[in-house]
Amino acid sequence: MTLQRLVLWRHGETGHNATGRIQGHLDALLTDTGVEQARAAAPVVARFEPDVVLSSDLRRAMDTAAEFTKVTGSAVRIDKRLRETHVGEWQGLAHAEVEQDWPGALAQWRRDPEWAPPGGESRIEVAARAAEVVAELDAAHDGTALLCAHGGLILGLTGSLVGLPIACWPSLGGLFNCHWAVLARRPESLDWRLVAYNAGVTG
């Protein structure tokens, strides 16, 4: 079996998102806005009719995925490999605080997927653990999989699956809260192609 389509859905807004703080593995909760974003997006994401739904074990992703379950009744499997990048000593800090203590490091992190924050993971490492999940789904399903996860993970996984040179991964840019990426298999091969990126509900 091989998956034919992969939908990568970022969680709704959290308090850390709203205040410009870096979350990593911190278990931040959705804001009221984040809950509303998830409620608005869930019926649209449901149109992909996924055969299997997985979520990161962090609350912001699980609570976003729960809105999908309310719409569809679909069960959601939890997989901690879908967690956001562990950002080590930066977790919970504002961008300005990181810049003050590690001048230039934020910019380096954003442009170099092989660079890791102090005590944290690189984008390469995050993409590798997420790719393990996709490989396991490939072995068991032949339709559409929905993964509810995090912006950094989705960026790295997308770049990895479509075969972008590592140095080009940052060119994808970040996803807005509750937006998604869609990848589909090319008919003539098992290669993934990017169908949509940073798609979301408008209005």
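When GluC sites (Glu not before Pro) are flagged only if DSSP places them in a loop and at most 11 other Cβ atoms lie within 10 Å, the longest unflagged stretch of the chain comes out as 1-113.
Remark on THR85: its backbone amide H falls under 5 Å from those of GLY152, LEU153, a criterion applied only to residues 5 or more positions apart or on other chains, H modelled at 1.01 Å from N. For the chain, the Cβ-based charge dipole about the Cα centre amounts to some 400 debye (Lys, Arg positive; Asp, Glu negative; other atoms uncharged).
Between VAL52 and THR144, LEU146, the built amide H atoms are under 5 Å apart, and every one of these is 5 or more places off in sequence or on another chain. Across the protein chains, with a 1.4 Å probe defining accessible surface, the residues MET62, MET1 rank MET1, MET62 from largest area downward.
The mean accessible area for residues of the chain, using a 1.4 Å probe and ignoring ligands and nucleic acids, is 45 Å² per residue. Amide H contacts for ALA199 (H built 1.01 Å from N in the peptide plane; partners 5 or more residues away or on another chain; cut-off under 5 Å): TRP180. Given axes a ≥ b ≥ c from the Cα gyration tensor, I'd like to know whether the chain is rounded (a/c under 1.5), prolate (a/b larger than b/c) or oblate. Oblate.
Using equal-weight Cα scatterers in the Debye expression, the normalised intensity of region 1-49 in log10 at q = 0.15, 0.16, 0.32 Å⁻¹ is -0.52, -0.57, -1.18. Determine the shape class of region 110-155: with a ≥ b ≥ c the square roots of the Cα gyration tensor eigenvalues, call it rounded for a/c under 1.5, and otherwise prolate if a/b is greater than b/c, oblate otherwise. Judged from the Cα gyration tensor, region 110-155 comes out prolate (a/c at least 1.5, a/b above b/c).
For region 57-104, the share of alpha carbon pairs falling in successive 10 Å distance bins from zero is 22, 34, 23, 17, 5 percent. Please work out whether region 113-203 counts as rounded, prolate or oblate from its C-alpha gyration tensor, where a ≥ b ≥ c are the square roots of the eigenvalues and a/c under 1.5 means rounded, while otherwise a/b larger than b/c means prolate and anything else oblate? Here region 113-203 falls in the oblate category.
Accessible area ranking (1.4 Å probe, heavy atoms, ligands and nucleic acids excluded), largest first, for CYS148, CYS168: CYS168, CYS148.
Relative to the compact globular guide of 2.2 N^0.38 Å, what is the alpha carbon radius of gyration of region 1-120, as a ratio?
After normalising by residue count via 2.2 N^0.38 Å, the value is 1.20.
Given a Förster distance of 30 Å, report the FRET efficiency between ILE78 and MET1 from their Cβ-Cβ distance, rounded to the nearest 0.05. That gives a FRET efficiency of 0.85. Within the chain, the whole DSSP H helices whose Cα atoms reach 18 Å or more along their own axis and whose mean Kyte-Doolittle score is at least -0.5 are 32-46, 123-140. Using θ = phi - 60° in the Karplus curve 6.51 cos²θ - 1.76 cosθ + 1.60, the 3J(HN,Hα) couplings for region 188-200 round to 8, 7, 9, 5, 8, 10, 8, 8, 8, 9, 6, 7, x Hz; x is entered for Gly and Pro.
Where the accessible area of the chain is counted over protein heavy atoms with a 1.4 Å probe, how much of it, in %, is carbon and sulfur?
C and S fraction of accessible area: 51 percent.
The values are calculated or read from the model by the stated rules, or taken from the named source; none is laboratory data. All figures in this text were calculated on a predicted structure; none of them were measured in a lab. Ideal geometry is used to build each Cβ from the backbone, glycine not excepted, and the neighbour counts take in all protein chains shown. To get the accessible areas, we keep the full protein, side chains included, count just its heavy atoms, and leave off ligands, DNA and RNA. Shrake-Rupley method; radii C 1.70, N 1.55, O 1.52, S 1.80 Å.
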